[in-house]
1. What net charge do the residues around residue 243 carry, taking every other residue with its C-beta under 13 Å from that of residue 243, with Lys and Arg at +1 and Asp and Glu at -1?
2. Report, in listed order, any pair from 11/46; 11/252; 38/301; 239/302; 38/239; 155/194 with a Cα-Cα distance greater than 30 Å.
3. If amide H atoms are built 1.01 Å from N in the plane of the peptide, which residues on other chains or at least 5 residues away come under 5 Å of the amide H of residue 205?
4. Please state the equivalent ellipsoid semi-axes for the stretch 235-324: what are the square roots of 5 times the Cα gyration tensor eigenvalues, largest first, in whole Å?
5. Residues with beta-carbon under 12 Å from that of residue 163, excluding residue 163: net charge, scoring Lys, Arg +1 and Asp, Glu -1?
6. Report ³J(HN,Hα) in whole Hz for each residue of the stretch 294-300, in order, from the Karplus equation J = 6.51 cos²θ - 1.76 cosθ + 1.60 where θ = phi - 60°; Gly and Pro get x.
Amino acid sequence: MNPEIIKYTGKIHPANGGEWNEQLRRNLYAYYPSNSLKEAVNLAIKLNRPLLLEGEPGCGKSELARAVFYEFSKQYTNYEWDYRLWNVQSTSKAQDGFYSYDYIGRLQAAQLAKVEIKDDKSDPANPKDYLELGPLGHAFNKYYLDEKENQENPKYRTIVLIDEIDKADTDFPNDLLLALEDQCFEIKDLRPPKWLEANPEAPPIVFITSNQEKELPNAFLRRCLYHYIEFPDNKDDLKKIIQARFKSQPHKLVDKAIERFLELRSEMNDDKEETAKKVSTSELIDWFTVLNDYPPEKVLKKLENERYPFGSTLFKSRQDKSEYGL
């Protein structure tokens with residue numbers, strides 16, 4: 001059977017000011033995708049391929065997966081939605097995303113069993129007790145790993161975020177190729193070895209982000225859909241982002257702060273090389289978080305007397321602070 005057709009609209013948001021999500025253990029805020037980004041998400045779902053996202057640091061690449069999770073968990077309640085985050089590090093290996101196996105723990109339990117000391121937590125005769133699934137392992141777990149392992153769970157669907165894949169070494173993306181394409185992998189440490197495969201009726205939705213620190217292999221790119229998230233230079237779009245985060249701010253203050261921010265952004269665009277760090281939406285949010293702690297009248301006065309008050313939230317180098325902060 002084909003999976004149910006689902007569609008990301010970008011219209012279902014948490015309330016202004018944010019909404020605590022217990023499953024993600026964080027506040028979620030409204031996310032306003034462009035039409036081209038919504039199209040990319042829906043094509044990735046339709047074709048059952050990962051969506052590779054690039055863009056300037058701080059442009060909201062990682063937040064997209066959470067926004068999709070929020071909307072789908074509200075809109076498609078016939079599924080039990082899960083969200084799995086894989087923060088890639090320089091030492092990460094593809095195996096980390098599938099599963100890890102506690103060889104030492106099983107050996108210790110076996111030694112304790114020989115001297116008749118019971119360990120209530122695990123059974124050395126049961127290798128599954130020492131298996132821990134990674135983010136992709138959970139997403140591809142079509143069958144339970146417990147006594148119900150032969151029963152399918154078609155109501156369970158996962159959104160996976162593989163964040164900053166370009167941090168890992170160059171072999172990392174290639175080691176994910178077949179698993180992402182075939183949506184299955186082998187657990188070689190079980191006897192007999194076991195394959196975990198995604199439920200074809202409820203396949204995982206995979207987002208991958210990159211800050212373009214390394215080039216990704218062509219074979220990997222071929223298996224992904226791609227979208228570059230542009231900075232929202234439109235003043236109204238930035239106002240929506242601020243108003244989603246902060247309640248009841250005077251329009252005059254929001255307009256003034258965003259105008260000043262866009263001036264800085266424009267100067268940096270004119271002066272900086274493509275590889276340099278320009279202010280993005282994350283700096284705007286940090287800046288406004290500080291401005292929001294003061295009475296609007298005081299903030300407006302500071303904006304009149306200083307180019308960029310509380311500039312430490314905007315400038316990420318001594319050169320930037322010296323060049324733009326005075």
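Any read-out appearing in this document is the output of simple, stated calculations on the displayed coordinates, not a laboratory observation. Just so you know, these numbers come straight off a predicted model, no measurement behind them. All Cβ positions, glycine included, derive from the backbone under ideal geometry; neighbour counts span all protein chains shown.
1. Numbers: positive: 235, 239, 240, 245, 247; negative: 236, 237, 255.
Value of the local net charge: +2.
2. Values: 11/46 19 Å; 11/252 27 Å; 38/301 40 Å; 239/302 20 Å; 38/239 20 Å; 155/194 22 Å.
Violating the 30 Å Cα-Cα cut-off are 38/301.
3. 158, 159, 160
4. On the way: eigenvalues 98, 43, 24 Å².
Semi-axis lengths for the stretch 235-324 are 22, 15, 11 Å.
5. Values: positive: 61, 66, 84, 167; negative: 63, 164, 166.
After counting each charged neighbour, the total is +1.
6. The phi angles translate into 10, x, x, 4, 5, 5, 4 Hz.
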